[in-house]
Amino acid sequence: TLNLKVAMDEDARLQRVSKICGEAFATHSVFVDRNAESVALSGWIGLPTYNRSQPDMQFWFVNGRSISDKTLAHAARHAYRDVLFHGRYPAYVLHLAMDPALVDANAHPAKHEVRFRDGRMVHGFVSQAIEQVLSDTRPGGQSVSPAPALSLGGRNFRQSSMALPTSTGTSSVAETLEAYRAFAGNVTREEESRDAASNSESVPPLGFAIAQLGGIYILAENVGGLVVVDMHAAHERIVYEKLKSSFDEKEITRQPMLIPTSVSVSEAEATLAEQSASLFEQLGLVVDRSGPASLIIREVPALLIKGDCESLVRDVIADLQDSGSSSRVEDTCHEILSTMACHHSIRANRPMTIPEMNALLREMETTERADQCNHGRPTWTNISLQELDRLFMRGQ
């Protein structure tokens, strides 16, 4: 009874939100509900495919009051960093509830802004909460472990129970392709389709491959109709997430600079860097104050040893001044991994067999953020049978 009431309250709140943000936002958004010891986040975030040309649909409420805050805005932007197309902005309506002692509501005469006692904690909590929800923006909203169905654009997909070869989090795409080659040796595509038709609940969200088009797209059939997948964009996301996982599971490896780099800054910036020495070390940077208005960079993340370390340190300091935290090192490392993923993904005009295409589809269903490539482009779309019927004027 309690769960039903909560669901009804959620629906009522979403109806109110849709009156302000429109039905399109309500249809293409997912609910966020995360909490920690002294802070809780709830509300709706737009799917990456629902984005804006301006940050004009970003609403924050802190303890029931509508506010504008750089820390919260930066945290949300960071969570969307590799699922939005360049120059586009996310849409959201989010409520942050927290211990009143942890927030100063009188930071602005008109009370439009607040000041958090621990901005770094708030930034990390909000960014991680949104990112966890966005990680399920994949076909069917599936996780490797069982998870509730996720509504994507008004479609609820259930997890597949088909007894097909599946990949683990540590297997490579090549290993999965080999598993499907062995599987395809005993089961033909026609048999797959026939079995799927007899048990529609067993059909995975992306269905089963039927052809390759133009050396670029995979055509597949699922319960709803036709699925079209951009094979390079999809594989790029799969490879990128595997690289990120491998990178994030290890502490950042630091490498001493052959010649330490001196950086001229303002006295205020030098003081901030000195006070934030432990944070710099967490980011893989060893930066010492060498004078009233100068710093010296001694160690940097090994992955960035050939990069512009001076600009990196300046950007981290700017982030600390602006929002109390910085993700520059992580973002820069991820940019390098994204480039690596792009260069190591399936290229256009590479012929694929049916088993290879099916292996890619199954990988997409268990890969986080698989609805978009690393650059925010969509990886797949679904054309329903009803849409195809209208196209060919069937039943008219």
Karplus-derived 3J(HN,Hα), 6.51/-1.76/1.60, for each residue of region 41-58, Hz, glycine and proline x: 10, 8, x, 10, 10, x, 4, x, 6, 9, 10, 10, 7, 9, x, 9, 10, 10
Heavy-atom accessible area per residue - region 320-396, 1.4 Å, Å²: 51
Got a sec? Charge dipole of region 274-396, +1 on Cβ for Lys and Arg, -1 for Asp and Glu; which of ALA318, LEU385, VAL287 is way out at the positive end? LEU385
Under the Karplus relation with 6.51, -1.76 and 1.60 and θ = phi - 60°, whole-Hz ³J(HN,Hα) for region 309-316, x at Gly and Pro, equal 5, 5, 5, 4, 5, 4, 5, 4
Long-range amide H partners of ALA91, meaning residues 5 or more apart or on another chain whose placed amide H is closer than 5 Å, are GLY46
Alpha carbon centre of region 279-341 versus region 46-115: separation in Å? 25
Can you work out the Karplus-derived ³J(HN,Hα) for every residue in region 380-396? Use 6.51 cos²θ - 1.76 cosθ + 1.60 with θ = phi - 60°, whole Hz, and x for glycine or proline. 7, 8, 10, 10, 6, 4, 4, 5, 5, 4, 5, 4, 9, 6, 6, x, 9
ASP308 paired with PHE85, simple spin-label distance in nm, labels 7 Å along Cα-to-beta-carbon: 2.7
Residues whose placed amide H lies under 5 Å from that of ILE216, excluding near-sequence neighbours: ASN349
Two pseudo-spin positions, 7 Å from Cα along C-beta at ASN63 and at SER18, lie apart in nanometres by 3.3
If you roll a 1.4 Å probe over region 295-396 with all protein chains in place, what percent of the accessible area is carbon or sulfur? 53
Ordering of 298-307, 227-236, 241-250 by burial proxy (mean other Cβ atoms within 10 Å per residue, highest first): 227-236, 298-307, 241-250
Region 209-263 - percent of accessible surface contributed by carbon and sulfur, probe 1.4 Å: 59
Computed log₁₀ I(q)/I(0) - Debye formula, equal Cα scatterers, no solvent, region 274-322, q 0.23, 0.27 Å⁻¹: -0.87, -1.19
Hey, can you grab everything whose amide H is under 5 Å from the amide H of GLN372? Only 5+ residues off in sequence or another chain; H modelled, so Pro and N-termini drop out. THR379
Two-site label geometry, MET257 and ARG377: point separation in nm, points 7 Å out along Cα→Cβ: 3.7
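The values are calculated or read from the model by the stated rules, or taken from the named source; none is laboratory data. Quick caveat: nothing in here was measured; it's all calculated off a predicted structure. Using ideal geometry, Cβ is built from the backbone for each residue, glycine included, and neighbour counts are taken over all protein chains shown. In case anyone asks, the SASA skips ligands and DNA or RNA and just uses the protein heavy atoms, side chains included. Shrake-Rupley method; radii C 1.70, N 1.55, O 1.52, S 1.80 Å.
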